1. Go through the stretch 123-156 and count every residue that is among the basic types (Lys, Arg) and assigned to a helix (DSSP H, G or I).
2. Against the definition (surrounded by fewer than 22 Cβ atoms within 10 Å (Cβ to Cβ), of a type in the set (S, T, N, Q) and touching a residue at least 24 places away in the same chain (Cβ under 8 Å)), how does GLN356 come out, yes or no?
3. For the stretch 248-285, what are the residues that are charged (D, E, K, R), modelled with pLDDT of 95 or more and more than 14 Å from PHE161 (Cα to Cα)?
4. Determine which member of the set ALA406, ALA397, ALA382 is at pLDDT 95 or above and either charged (D, E, K, R) or in a strand (DSSP E or B) (or both).
5. Kindly indicate the residue of the stretch 208-260 that is without any contact (Cβ under 8 Å) to a residue 24 or more places away in the chain and not in a loop (DSSP other than H, G, I, E, B) and also farthest from the chain's Cα centre (by Cα) among those meeting that condition.
6. Cβ-Cβ distance below 8 Å, separation of 6 or more or different chains: which pairs start in the stretch 31-42 with a residue that is among the basic types (Lys, Arg) and end on one that is buried (at least 18 other Cβ atoms within 10 Å of the Cβ) and part of a helix (DSSP H, G or I)?
7. Quick one: which residue in CYS352, CYS333 is farther than 17 Å from ILE105 by Cα and assigned by TED's automatic domain parsing to the domain that holds HIS236?
8. Quick one: which of LEU391, LEU381 is touching an Asp or Glu at 6+ places or on another chain (Cβ under 7 Å) and assigned by TED's automatic domain parsing to the domain that holds GLU304?
Amino acid sequence: MIDLRTLREDPDRLRASQRARGEDDAVVDTLLDLDERRRSALTKFESLRAEQKSFGKSVSKAQGEEKAALLARAKELAAEVKAAEAEAEALGAELDELMQTVPNIVEEDAPHGGEDDYVVLETFGEPRQFDFEPRDHLELGELLDAIDMERGAKVSGSRFFFLKGVGARLQLGLLNMAMQHAIANGFTPMITPVLVKPETMQGTGFHVAHDKEIYRLPEDDLYLVGTSEVALAGYHAQEILNADELPLRYAGWSSCFRREAGSYGKDTRGIIRVHQFDKVEMFSYVRPEDSREEHRRLLAWEKEMLDALELPYRVIDTAAGDLGMSAARKFDCEAWIPSQGRYRELSSTSNCTEFQARRLAVRFRDKDGKPQHLATLNGTLATTRWIVAILENHQQADGSVVLPKALRPYVGLEVLEPPK
């Protein structure tokens, strides 16, 4: 949720953010009007209540007809107080409901525009030149008896799959490598819940009533997470953290679930866009003034993983119109996928500033002892999709895959070979 103080003191900043995202900036005037009316109603309520308290003393001292008249006025005044309170509460609820729909204020340096208006910041490694026709990851996965899409569809439907044998070992090794990398950099490892309450999902920035990507269990009023970021953001909800412990860094391992609504016909082959996958997600709680520096740290740790896996990749600065609800800035790491002849996203890291913490009431005490909202950030350290890039970039002519050296101890193999 955006800061009301920022809205009042610098509404043009929110207007500029809305335009950068391609959103209607008229919402700013609506918010300002609601805020002004709510504050006016609160002032009226407090004035009437003060009058009511003072009036009560006069009634207790009065006698006879005067007292009867005063009692009649006291009754009228009580009704006015109740009406003023109801008006202030209704305007407050209306303001809060609208505030819940307004996305975070983007950083000024973020590119404007939509999905195709990203800026390439860095490129690492050169796409491999093959002396044979490279296979795509699904063909390789089937040759290795590592990926079974057919039985996944039989058991669960389209966009589900089995990882078996060396495929299962590859994913477990990859995620274990990511978790150890996180631990080495000061993260606390976490196995997180995959079902969360609506207030946790909503607090993270998802609109549970309208987001078609989310799986819901209506009988239990619980939601399946699309990332462990949700559970980790809610971990300290309604808490005031010890400032001396900041930054707090967690690495969450979980299965993730996405309906992929609206993606029919896109990436239907293989495991690029599926309904269930596993992921190791970094999550940081920091002081707001430290969030940009922390964002660069998360990006650096993602790059270290990609470098260790010997993958060619690039880093892009995501345009404002392609940011999620909570993100003020997002960097994506995209690996080269030989079968597609283009870069595809493997990881991203977002600075959510105080947006999520304000919705979830996560705070710390500043040097004066006053509670302040924290900033939250997230970043992907490894996920099932990374298998696509590993298989395709390290494949050999015979269908085997030579694993990068850094990954071998975690998988227990140097080469993935087709079964004899």
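1. Of the stretch 123-156, the ones among the basic types (Lys, Arg) are 128, 135, 151, 154.
Now restrict to residues that are assigned to a helix (DSSP H, G or I): 151, 154.
Looking only at that region, the number is 2.
2. Details: surrounded by fewer than 22 Cβ atoms within 10 Å (Cβ to Cβ): no; of a type in the set (S, T, N, Q): yes; touching a residue at least 24 places away in the same chain (Cβ under 8 Å): yes.
Judged against the criteria, GLN356 is not a match.
3. As a first pass, look at the stretch 248-285 and keep what is charged (D, E, K, R): 249, 258-260, 266-267, 269, 273, 278-279, 281.
Next, only the ones that are modelled with pLDDT of 95 or more stay: 249, 278-279, 281.
Within the stretch 248-285, ARG249, LYS279, GLU281 meet the criteria.
4. Working: ALA406 fails: either charged (D, E, K, R) or in a strand (DSSP E or B) (or both); ALA397 fails: either charged (D, E, K, R) or in a strand (DSSP E or B) (or both).
The conditions single out ALA382.
5. ASP244
6. Qualifying pairs under 8 Å: ARG37/LEU91; ARG38/ALA88; ARG38/LEU91; ARG38/LEU95.
7. Values: CYS352 fails: farther than 17 Å from ILE105 by Cα.
When all the criteria are applied, what remains is CYS333.
8. Values: LEU391 fails: touching an Asp or Glu at 6+ places or on another chain (Cβ under 7 Å).
That would be LEU381, the only listed residue that is touching an Asp or Glu at 6+ places or on another chain (Cβ under 7 Å) and assigned by TED's automatic domain parsing to the domain that holds GLU304.
The values are calculated or read from the model by the stated rules, or taken from the named source; none is laboratory data. Everything quoted here is computed from the prediction, not taken from an experiment. Don't worry about glycine lacking a Cβ; one is built from the backbone with ideal geometry, like all the others, and counts go over all protein chains shown.
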